[in-house]
Amino acid sequence: MSAKFDISFANSASLDDACAVLLQLSGENAPAGQAQVDPSGVLEKAARVAGFTAKSMSVLDVLAPQGSPADRIVIIGLGKAAKLTAHDWLRAGGTAAAHFKKAEKVVIYLDALGVEVDGKAAADFTLGLLLRAYSFDDYKTKKKSDEDKTPKSVDVTIVTAAHAQAKHAFETAHAEAGGVILARDLVNLPPNVLGPVEFAEKAEELKKLGVDVEILGEKEMKKLGMGALLGVAQGSVRPPRLAIMQWKGGSKKDEPIAFVGKGVVFDTGGISLKPGAGMEDMKGDMGGAAAVIGLMHTLAARKAKANVIGVIGLVENMPDGNAQRPGDIVTSMSGQTIEIINTDAEGRLVLADALWYTNDRFKPKFMVNLATLTGAITVALGNLQAGLFSNDDELAERLTKAGDVTQEKLWRMPLGKDYDKIIDSKFADMKNSSGRLAGSVTAAQFLKRFVGETPWAHLDIAGTAMGAPLTEINQSWGTGYGVRLLNELVRANYED
């Protein structure tokens, strides 16, 4: 459970019984705000003795000197002023949050750096606070000792001359934090708690924000001919769902843009059973769907001026007596037939019908799908970047740029006719697996057969949605990857 931050922005604030947080640039004098928290001037000497040079994300954490109205003083180094980016402000907020967890009152001085701190920078800093504060310990009955517990509520005042602009910008940052945290929660939840039905109910909760939500059950999907998605679900006693979310924030004449997520709430591999070691991580095989629902939350919460469709296919892949077998042939909603070579190549089957449905019904300007699709992408890129596959250079470029802004990095991977031939089947139109070589590429080629001429991108987030390296703004196994990336894509390119 995350600490609750009661955040306000002001010109000044009382330091009585507070933890004071100052920011300092490398090579500059100590912050001017130091005089307010350290009237005796002891702090400058403490920094010198400790060898604190204010390099990026370095920290000096001391008890307040005698005469200071504060209890503790934390100085966060920002590095060189000329190199400061929006992501640096985000990281600084996360770094600060890590050092006042036990405080009940915090005053943060953003000014007095010798550089202009505008409302956007203040909001980015605050977003970093919120993302770093997240933790998932709802199922721990034995908590830390009382003195180690984070207070249930932390009163945070951010002092800046740009307080009015910061307050306005924070509305957007708060919406973004809510979407990321929702996505993290979904990925972290245990699979006995979060099945397809429960996930669909989470989508329905977006109605409170003004999102139109429809849920299709097995009966409706059978009528639509979604044999690929239903083939994955048939081995589980938990029924599948397709959740359709619509945010109508743009002009009625504007074509919608669409995001589609793979939502395999647990993946055993089916009859092609996965090895037991590490299978517990397959509760996160719905990271793509989590990102889509988190994005829809963010867009609605910040009242994005765009028409956006979110579609998530929700299934569980289990190996019971009714499960599909290697060698089965299923018919997708598109009418194309698929030979099942490996039942563990199931995510692309779910996406095949979800993509076709989205394209056929909504005729979107473009589609982006997200999926924890292949282990092969982690072999290629590790946990640091997601794989990007696209049939449209402009869309791919915009996605890459958005990832650079948010530091949710993408690396473009190839597509091509020669790769496409590899998934041709002797018995059906295509097969769902081609073996080990180029596994992430052939999976993307499979999906490409279900998008027609619509501009489309596939993000393989198997290495980034869960278990990625911890950072200043994320200490969680479930990362919420993709929410901020896609929000930036929409904000920068597709709002009225």
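The values are calculated or read from the model by the stated rules, or taken from the named source; none is laboratory data. Keep in mind that what you see is a predicted model, and the values were worked out from it rather than measured. Heads up, the Cβs are rebuilt from the backbone with ideal geometry, glycines too, and the neighbour counts pull from every protein chain shown. The protein model used for the area step is the full one, side chains on, heavy atoms only, and it has no ligands, DNA or RNA in it. Shrake-Rupley method; radii C 1.70, N 1.55, O 1.52, S 1.80 Å.
Only one entry in D17, D38, D88 is under 21 Å from V156 (Cα atoms), in contact (Cβ under 8 Å) with a residue 60 or more places away in the chain and acidic (D, E), namely D17.
Which members of segment 296-323 meet the condition of being under 30 Å from T172 (Cβ atoms), open to solvent by less than 10 Å² (accessible area, probe 1.4 Å) and in a strand (DSSP E or B)?
Pass one, segment 296-323, residues under 30 Å from T172 (Cβ atoms): 296-314.
If we keep only those that are open to solvent by less than 10 Å² (accessible area, probe 1.4 Å) too, we end up with 296, 298-300, 304, 306, 308-314.
Within segment 296-323, V308, I309, G310, V311, I312, G313, L314 qualify.
Scanning segment 324-355 for residues that are in contact (Cβ under 8 Å) with a residue 60 or more places away in the chain, surrounded by fewer than 23 Cβ atoms within 10 Å (Cβ to Cβ), over 25 Å from L186 (Cβ atoms) and out of contact with any helix residue (DSSP H, G or I) (no Cβ under 6 Å at 6 or more places or on another chain) yields a total of 8.
In the set F450, F446, only one residue is in contact with a Phe, Trp or Tyr (Cβ under 6 Å, 6 or more places away or on another chain) and open to solvent by less than 10 Å² (accessible area, probe 1.4 Å); that residue is F450. Beta carbons closer than 8 Å, at least 6 apart along the sequence or on distinct chains, pair a first residue in segment 476-496 that is farther than 15 Å from E408 by Cα and open to solvent by less than 20 Å² (accessible area, probe 1.4 Å) with a second that is assigned to a loop (DSSP other than H, G, I, E, B) and among the hydroxyl-bearing types (S, T, Y) for S476/Y134; S476/S135.
Does segment 245-266 contain any residue that is over 22 Å from V187 (Cβ atoms) and hydroxyl-bearing (S, T, Y)? Yes, segment 245-266 contains at least one residue that is over 22 Å from V187 (Cβ atoms) and hydroxyl-bearing (S, T, Y). Among the residues that make up segment 119-135, is at least one of them without any contact (Cβ under 8 Å) to a residue 12 or more places away in the chain and open to solvent by 20 Å² or more (accessible area, probe 1.4 Å)? Checked segment 119-135: no residue is without any contact (Cβ under 8 Å) to a residue 12 or more places away in the chain and open to solvent by 20 Å² or more (accessible area, probe 1.4 Å).
The condition (being at negative phi, small (G, A, S) and in contact with a Ser or Thr (Cβ under 6 Å, 6 or more places away or on another chain)) is satisfied by just one residue among S272, S236: S272. Of all residues in segment 213-227, those that are of a type in the set (G, A, S) and closer than 28 Å to H297 by Cα total 1. Checked against (1) of a type outside the set (S, T, Y); (2) in contact with a His (Cβ under 6 Å, 6 or more places away or on another chain); (3) part of a strand (DSSP E or B), A444 meets all criteria but (3). Among the residues of segment 363-385, those identified as outside any loop (DSSP other than H, G, I, E, B) and either out of contact with any Phe, Trp or Tyr (no Cβ under 8 Å at 6 or more places or on another chain) or farther than 22 Å from N317 by Cβ (or both) are M367, V368, A371, A376, I377, T378, V379, A380, L381. Applying the criterion of at least 3 residues that are of a type in the set (A, V, I, L, M) and out of contact with any Cys (no Cβ under 9 Å at 6 or more places or on another chain) to the helices (runs of 4 or more DSSP H) found wholly in segment 180-293 leaves 196-204, 227-233. Scanning segment 244-269 for residues that are of a type in the set (G, A, S) and either crowded, with 24+ Cβ neighbours inside 10 Å or on the phi < 0 side of the Ramachandran plot (or both) gives G249, G250, S251, A258, G261, G263.
A quick yes/no check of all residues on (1) assigned to a loop (DSSP other than H, G, I, E, B); (2) touching a residue at least 24 places away in the same chain (Cβ under 8 Å); (3) open to solvent by 10 Å² or more (accessible area, probe 1.4 Å); (4) among the hydrophobic types (A, V, I, L, M, F, W, C):
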residue	(1), (2), (3), (4)
Y357	no, yes, yes, no
R361	no, no, yes, no
G387	no, yes, no, no
E397	no, no, yes, no
V405	no, yes, yes, yes
W411	no, yes, yes, yes
D420	no, yes, yes, no
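Looking only at residues of segment 193-224 that are surrounded by fewer than 17 Cβ atoms within 10 Å (Cβ to Cβ) and of a type in the set (G, A, S), we find that the one that is nearest to D267 (Cα to Cα) is G217.
Please give the strands (runs of 3 or more DSSP E) falling wholly within segment 1-102 in which 3 or more residues are surrounded by fewer than 19 Cβ atoms within 10 Å (Cβ to Cβ).
In segment 1-102, 4-10, 59-63 are the strands (runs of 3 or more DSSP E) which contain 3 or more residues that are surrounded by fewer than 19 Cβ atoms within 10 Å (Cβ to Cβ).
Name the one entry in G284, G288 that is open to solvent by less than 10 Å² (accessible area, probe 1.4 Å), within 19 Å of L206 (Cα to Cα) and touching a Gly at 6+ places or on another chain (Cβ under 7 Å). G288 is the lone residue from the list that is open to solvent by less than 10 Å² (accessible area, probe 1.4 Å), within 19 Å of L206 (Cα to Cα) and touching a Gly at 6+ places or on another chain (Cβ under 7 Å).
Entry remark, segment 2-14: residues being under 30 Å from Y139 (Cβ atoms) and either free of Cβ contacts under 8 Å to residues at least 60 places away in the same chain or aromatic (F, W, Y) (or both) number 1 in total. Before we move on, is F427 of a type outside the set (A, V, I, L, M) and surrounded by 18 or more Cβ atoms within 10 Å (Cβ to Cβ)? It is false that F427 is of a type outside the set (A, V, I, L, M) and surrounded by 18 or more Cβ atoms within 10 Å (Cβ to Cβ).
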